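Take a look at the structure set out below.
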Amino acid sequence: MIPPSQIQFSRRIGRNRVRPELSTLDCDWDQRGKSDVEFWTGHLAGAPRLLELPSDRPRPTVLSYAGGSVGLTLSAALTGGLRRLSQRHGATLFVSLFAGWSALLSRLSGQSDLVIGTPVANRQRNAFEPRSGALVNMLALRVRLQQDPTIAELLVQIMASTLATFAHRNIPFAQVVEALQAQNSLSYNPIFQVMLTLDNAPAERELRLHGLRASDLEQTHTSAQFDLALILSDAGEKIVGVLNYASDLFDRASIERMAGQLLTVLEAMVANDQQHIGELNLLTQAERQQVLLGWNATAARFPTGTLPELLAAQVGRTPQAEAVVDGQRVL
């Protein structure tokens, strides 16, 4: 839904009451200092170029960007637990969700060094605030889990990483890719292939303007720009969203299972923030039941009696069958 401030600004332009002076926005990126570039090259130095998640199909040489999505809802109890967890550690809700998402991705991929992307609205300057259109940049947050940190330690790490990257968010992501000389590939996105987006801005579900009424439309995701994109919205009592996926790689059933595993990880984080990442339970209740009981239901009936008795009974049933073969001799 278009914010009212942008609609008013656009209408004023249409009546020629104001004229946007783009030169006053100070958007000359060529005048940026070297500090941002140096930060990003250091921040991402040695990072893996690809997050190799278990997929249902091999990665194609050229992605088609076909995709789908699975709905995701965090219960009121889980949402409240995440808020309390964040408050105890002086973190934001985004940090806690990012910790859970990165912990799950690390466990599924077996990788302890991850790079996950997140979009940021580049409207921190006063001159940008009233402007129409999208001013979104991409940030690459790096998570290191080599030492198997606890949930509490991971929250501290992600807070520090988030603050550092946000301090250097002015440089366009394309310039970061260029500075890192990331390998161009039609098979995957450079720097990161997985996203997390959290919309925590107060939303107006309905807008009325001079006899017109506007409201949100439900979006159907039939394309995917990344391998995976966790798109969440803080709706107050509950956190809701979707898990968007590239259908070149994943089946819907796999993503549904992954969504359930994410909820399980978040619940484990809320229950005990002193757990190590390697100790987190990934299995949903249904999966645990299948692994512990379903696949172990191997009970079978065996005949009773001694071995000679069993042999004699078998001979009685098949007296002409071969019992022993030794070269040319057959008994």
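Tabulated values for the structure
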| item | result |
| --- | --- |
| Single unsatisfied condition, residue 284 versus (1) closer than 17 Å to residue 72 by Cα; (2) open to solvent by 40 Å² or more (accessible area, probe 1.4 Å); (3) of a type in the set (S, T, N, Q) | (2) |
| Enumeration of residues in region 56-84 that are in a loop (DSSP other than H, G, I, E, B), touching an Asp or Glu at 6+ places or on another chain (Cβ under 8 Å) and open to solvent by less than 60 Å² (accessible area, probe 1.4 Å) | 60, 63 |
| Residue in region 244-267 that is open to solvent by 20 Å² or more (accessible area, probe 1.4 Å) and closer than 24 Å to residue 90 by Cβ present | yes |
| Residue list for region 85-117, restricted to those being open to solvent by 20 Å² or more (accessible area, probe 1.4 Å), in a helix (DSSP H, G or I), under 24 Å from residue 278 (Cβ atoms) and without any contact (Cβ under 8 Å) to a residue 60 or more places away in the chain | 109 |
| Residue 183, sole failed condition from (1) in contact (Cβ under 8 Å) with a residue 40 or more places away in the chain; (2) under 30 Å from residue 278 (Cβ atoms) | (2) |
| Output for region 56-84, where each listed residue is over 20 Å from residue 237 (Cβ atoms) and without any contact (Cβ under 8 Å) to a residue 40 or more places away in the chain | 58 |
| Residues being open to solvent by 60 Å² or more (accessible area, probe 1.4 Å) and either in a loop (DSSP other than H, G, I, E, B) or under 30 Å from residue 258 (Cβ atoms) (or both) - total across region 300-309 | 6 |
| Identity of the residue in region 148-188, surrounded by fewer than 18 Cβ atoms within 10 Å (Cβ to Cβ) and touching a Phe, Trp or Tyr at 6+ places or on another chain (Cβ under 7 Å), that ends up farthest from residue 86 (Cα to Cα) | 179 |
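This table checks each residue for (1) among the polar types (S, T, N, Q); (2) within 29 Å of residue 199 (Cα to Cα); (3) more than 14 Å from the chain's Cα centre (by Cα); (4) not in a strand (DSSP E or B).
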residue	(1), (2), (3), (4)
230	no, yes, no, no
243	no, yes, no, no
259	no, yes, no, yes
267	no, yes, yes, yes
274	yes, yes, yes, yes
291	no, no, yes, yes
298	yes, no, yes, yes
311	no, no, yes, yes
323	no, no, yes, yes
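The values are calculated or read from the model by the stated rules, or taken from the named source; none is laboratory data. Computed from a predicted model, the values in this text were never measured in an experiment. Glycine also receives a Cβ, built like all others from the backbone with ideal geometry; neighbour counts cover every protein chain displayed. For the accessible areas, the whole protein counts, side chains as well, though only heavy atoms, and no ligand, DNA or RNA atoms are used. Shrake-Rupley method; radii C 1.70, N 1.55, O 1.52, S 1.80 Å.
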